[in-house]
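A short worksheet on the structure shown next.
The values are calculated or read from the model by the stated rules, or taken from the named source; none is laboratory data. Only a predicted model underlies this, so the values are computations on that prediction, with no experimental measurement involved. Neighbour counts are summed over all protein chains in view; Cβ atoms, including those assigned to glycine, are modelled from backbone coordinates with ideal geometry.
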Amino acid sequence: MKKSLEEVIKRATVEPPKMTGFRDRIRHIVYRFSERFHERRFGIATAVDISIDQFGVTDPNCHRYNATNYRRFKQIMKWLKIRPDQDVFVDFGSGMGRVVVLAATYPFRKVIGVELTAELHEIAEENIRNARRRLRCKDIELNQMDAREYVVPPEVTVIFCWNPFGKEVLEKVFENVWKSVQESPREVVLLYTYPPWITHLDEALGKFEWLKERKRVALGRHLCLTICSFGTLRDEGGVGALLA
Ligand SMILES: C[S@@+](CC[C@H](N)C(=O)[O-])C[C@H]1O[C@@H](n2cnc3c(N)ncnc32)[C@H](O)[C@@H]1O
């Protein structure tokens, strides 16, 4: 039986803040305020933390849902030089669609989401409908499927992942992206965000010689961003047209 947005949110467990002192409390209050502000601004509901086993997914390679922090997303996007109406963005593991909404506020030609669970996919559709009038990019496509099965279209140039998968799924997705790049040679940039203790990307970097690390930055204490390219970027020095 389908769950409504309200039902899913009611069942969601919001991660307890790790409040060790006054500063952390203030930080958490600011964070909650910012979440509410942005959710209202777009008319969306995405701020929950849910294990996807409640939707029948038991594969440990498929990670839980929680959304990318609004402020962090803005910081991440500063690393990109978007070529208006040319670049196409894909969020692998798009969940309730927060990143799809946010990416569509930039001048991408198209924004695509790929989400495994029907429940989160439907909520994402509702969120996109609600946010649409505030979005710059109107060409939005949401796919409900296993990311492993997603055939990467030749126009895709930016891949976003917020720790969506374990090693097995991640490597299959990267192989699919690389296949697409080989069939239609172009620059493709990966924006991979993850908690510092997750090592799947490093394992993939050690395994695939065509996956090249370009930049690694800490975003606060609990989040890392690693930017990679698939194959060699065209410009000298390893910084292609897509990276700021
Ligand atoms: C950490 S959430 C990221 C949500 C969203 N990208 C964001 O940043 O706000 C990871 C998402 O990946 C989805 N996911 C996990 N395994 C998947 C798979 N094999 N194929 C597609 N999506 C998957 C989960 O259902 C969840 O919604």
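Within region 57-105, restricting attention to residues that are charged (D, E, K, R) and either within 8 Å of the ligand (Cβ to nearest atom) or more than 16 Å from Ala241 (Cα to Cα) (or both), which residue is surrounded by the fewest Cβ atoms within 10 Å (Cβ to Cβ)?
Residues of region 57-105 that are charged (D, E, K, R), as a first pass: 59, 64, 71-72, 74, 78, 81, 83, 85, 87, 91, 98.
Adding the requirement that they be either within 8 Å of the ligand (Cβ to nearest atom) or more than 16 Å from Ala241 (Cα to Cα) (or both) leaves 59, 64, 71-72, 74, 91, 98.
On the way: Asp59: 14, Arg64: 17, Arg71: 15, Arg72: 16, Lys74: 11, Asp91: 28, Arg98: 29.
Of everything passing the filter in region 57-105, Lys74 is surrounded by the fewest Cβ atoms within 10 Å (Cβ to Cβ).
Taking the criterion of being closer than 14 Å to His63 by Cα, modelled with pLDDT of 95 or more, within 11 Å of the ligand (Cβ to nearest atom) and in a helix (DSSP H, G or I), would at least one residue in region 117-127 satisfy it?
Applying the first criterion (closer than 14 Å to His63 by Cα) to region 117-127 yields 117, 120.
Checking the rest, the ones that are also modelled with pLDDT of 95 or more come to 117, 120.
Filter once more, keeping what is within 11 Å of the ligand (Cβ to nearest atom): 117, 120.
Now drop any that are not in a helix (DSSP H, G or I), which leaves 120.
Within region 117-127, one or more residues are closer than 14 Å to His63 by Cα, modelled with pLDDT of 95 or more, within 11 Å of the ligand (Cβ to nearest atom) and in a helix (DSSP H, G or I).
I need the full set of residues from region 206-222 which are closer than 22 Å to Ala241 by Cα and surrounded by 12 or more Cβ atoms within 10 Å (Cβ to Cβ), in order please.
Trp210, Leu211, Lys212, Glu213, Arg214, Lys215, Arg216, Val217
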* Output the residues belonging to region 225-239 that are modelled with pLDDT of 65 or more and farther than 16 Å from Leu80 by Cα. => Gly231, Thr232
* Is it the case that region 159-178 has a residue that's more than 13 Å from Phe92 (Cβ to Cβ), surrounded by fewer than 14 Cβ atoms within 10 Å (Cβ to Cβ) and free of Cβ contacts under 8 Å to residues at least 60 places away in the same chain? -> no
* Asked: Given the residues Val217, Val169, Val173, Val151, which is the only one that is over 18 Å from Ile82 (Cα atoms), aliphatic (A, V, I, L, M) and assigned to a strand (DSSP E or B)?
  -> Val217
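Just wondering, is there one or more residues in region 23-46 that are in a loop (DSSP other than H, G, I, E, B), at pLDDT 85 or above and of a type in the set (Val, Ile, Thr)? Don't jump to the end; show me each part of the working.
Our first condition is that a residue be in a loop (DSSP other than H, G, I, E, B); within region 23-46, this holds for 43-46.
Add one more test, that the residue is at pLDDT 85 or above, and what stays is 43-46.
So of that shortlist, the ones also of a type in the set (Val, Ile, Thr) come out as 44, 46.
Yes.
Which residue, of Arg133, Arg148, is more than 15 Å from the chain's Cα centre (by Cα), of a type in the set (Lys, Arg) and more than 14 Å from the ligand (Cβ to nearest atom)? Give the steps one after another, and end with the answer.
Numbers: Arg148 fails: more than 14 Å from the ligand (Cβ to nearest atom).
Just one listed residue meets the conditions, Arg133.
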